[in-house]
Amino acid sequence: MCWTEVDHKTYLPCAGALPDSESGDTIAAAISTDLSLDQGPRPGMEDQVCLNRRAVALTFTEESKESLGNEVEHLLCQWHCKQTLNRQLHGDVLTPANRHLQAALWSRRTEAGCDESIQAALDSIPDGTTIKRKNKPWDPKRYIREEWQATKRRWGIIGVCKSKF
């Protein structure tokens with residue numbers, strides 16, 4: 001999804017794509033075309049799909065970020081994040097962690113508040129908890145640290161509040 005700046009604080013969605021391949025090249029080409037327009041749209045990818053992450057990486061090299069004034073932000077859609085949390089963190093042991101991360105996702109407006117909810121999610125899972133996923137042990141605490149805590153500025157309200165979107 002690409003956004004076009006209408007005034008200094010208002011952005012409108014201007015493009016979306018459902019590509020037929022999973023390389024990210026099609027989306028990267030579409031974003032590059034939009035960037036070449038005189039109006040200078042500000043792109044923002046919305047869901048955490050590998051295809052979109054690859055398209056952002058292909059399009060926004062360090063030199064292209066510099067030419068845009070480093071105003072490139074790759075934010076994640078809260079609805080898709082909610083769906084992912086519900087898919088990954090369910091059941092008696094993981095539901096409390098899900099609730100804490102949902103609070104961070106939807107309610108926490110400060111980084112300290114977001115950190116507090118993430119820590120509460122980690123604390124709600126007993127130490128040593130592993131779950132079998134695809135016949136392999138899966139560590140939910142590691143998952144939270146790597147996929148949610150490390151990327152909180154991309155999915156939490158704290159990232160959205162500090163961005164122009």
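Conditions (1) over 18 Å from residue 83 (Cβ atoms); (2) modelled with pLDDT under 95; (3) part of a loop (DSSP other than H, G, I, E, B), marked per residue:
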{"site": "100", "(1), (2), (3)": "no, no, no"}
{"site": "105", "(1), (2), (3)": "no, yes, no"}
{"site": "108", "(1), (2), (3)": "yes, yes, yes"}
{"site": "112", "(1), (2), (3)": "yes, yes, no"}
{"site": "120", "(1), (2), (3)": "yes, no, no"}
{"site": "125", "(1), (2), (3)": "yes, no, yes"}
{"site": "132", "(1), (2), (3)": "yes, yes, no"}
{"site": "154", "(1), (2), (3)": "no, yes, no"}
{"site": "161", "(1), (2), (3)": "yes, yes, no"}
Provide a single number: the residues in region 55-98 that are part of a helix (DSSP H, G or I), modelled with pLDDT of 75 or more and surrounded by 14 or more Cβ atoms within 10 Å (Cβ to Cβ).
10
Residues satisfying the stated conditions in region 130-152, i.e. among the hydrophobic types (A, V, I, L, M, F, W, C) and without any contact (Cβ under 8 Å) to a residue 24 or more places away in the chain
138, 150
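The values are calculated or read from the model by the stated rules, or taken from the named source; none is laboratory data. As the structure is a prediction and not an experimental result, all values here were calculated from the model. Don't worry about glycine lacking a Cβ; one is built from the backbone with ideal geometry, like all the others, and counts go over all protein chains shown.
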